[in-house]
Every structure is written in C-alpha cells, then in structure tokens.
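> Sharing a structure, written as structure tokens. Questions coming.
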Amino acid sequence: MKFLIDADCTRSIGNSLKQSGHEVWDIRDIKPAAPDQEIYELIRKESLILITRDTDFGNILLYPATKQCGIILLRTHLLPVNEIVAIVNDFIANVAARELLGSLAVIRKGRYRIHRF
C-alpha cells in the first residue's frame, strides 16, 4: 500500500510501515506547511492513503474518499507513540488495500470503523 503521513502524526508510523514493505511519503518532506486542500489533491493524484489526526479530513463533503485515495483518521489522543504505532500496524495488517481506497477509516484504541463511499 502507499501512504502519506500527515504532519500531525509521528514519523514512527511511517518508519514502521516502511519496515513492513509499504511505500510511505511524509508531507513534512514534501511541503511542511501544505494546506489541507493541497494534501487532498496529492493523495488523489498519487493514489495514496492519508494517515492523519486532523479531524477536518473527516468531513466527507470537503474531502471525499474516492477510488484513487483513502483517509485514515486517528482518534488516539493521549496515547504513547509506541501504542499508536502498534494500533496502526494492527489495523493495516488486518485490512486490505481495496477496503481503504474509497473509504474513510476512523481508528480508536480497540476498535475502528470504515466508511465506504
């Protein structure tokens, strides 16, 4: 799978996904202060799955997931970094790419929801 890590997420998520064989981009390496609309256009253009904590991306009217992209919204506030990385890795290991493209996934500790569009 191909992921884009948003600036509000720890780089450890991307490092861990790379170790699992995924292609990972980090917005901080591309354009650190990119506005949400530019990030959205990038994930659509490059067929990426965005991993973010920015709840604005949960607004499906502004940022609809399409067949070319997907959004993973982390709702893991106040958890230690290693626990967040473990939650993301577990989720990615148990969900197929076809389920993530065209969807908004909301991940919390111990559960997740996938909204398909």
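> If you restrict to DSSP beta bridges whose two residues both lie in the chain, what percentage is antiparallel, to the nearest 5? Each step should come with its number before you reach the end.
Details: 6 of 21 bridges.
Bridges in the chain that DSSP calls antiparallel: roughly 30 percent.
> Follow-up. Quick one: net charge around Leu4, please, counting Lys, Arg +1 and Asp, Glu -1 for every other residue with C-beta under 14 Å from its C-beta. Intermediate values should be presented prior to the final figure.
Details: positive: Lys2, Arg11, Lys18, Arg28, Lys31, Arg44, Lys45, Arg53; negative: Asp6, Asp8, Glu23, Asp26, Asp29, Asp36, Glu38, Glu41, Glu46, Asp54.
Charge balance in the 14 Å sphere: -2.
> Which order do peptides 17-25, 99-107, 67-75 fall in by mean Cβ count within 10 Å, highest first?
Those peptides, ordered most packed to least, come out 67-75, 99-107, 17-25.
> Net charge near Ile92, counting Lys/Arg +1 and Asp/Glu -1 over other residues with Cβ under 14 Å of its Cβ?
So the environment of Ile92 carries a net charge of 0.
> Next up: Skipping prolines and chain starts, which residues have an amide H placed within reach, meaning under 5 Å, of the one on Leu50, given they are 5 or more residues away or on another chain?
Distant-sequence amide H within range of Leu50: Leu4, Gly70, Ile71, Ile72.
> What is the ratio of the Cα radius of gyration of the stretch 2-116 to 2.2 N^0.38 Å, where N is its residue count, to two decimals?
0.95
> Counting each DSSP H run of 4 or more residues in the chain as -39500 (n - 2.57), what helix-only mean residue ellipticity at 222 nm follows after dividing by all residues, to the nearest 500 deg cm²/dmol? The partial results should precede the final answer.
Details: 5 runs with 42 residues, N = 117.
Calculated mean residue ellipticity at 222 nm is -10000 deg cm²/dmol.
None of the figures in this text is laboratory data; all of them are computed from the coordinates on show. The structure displayed is predicted, hence computed values, not measured ones. Virtual Cβ from ideal backbone geometry, glycine too; neighbours counted across all protein chains shown.
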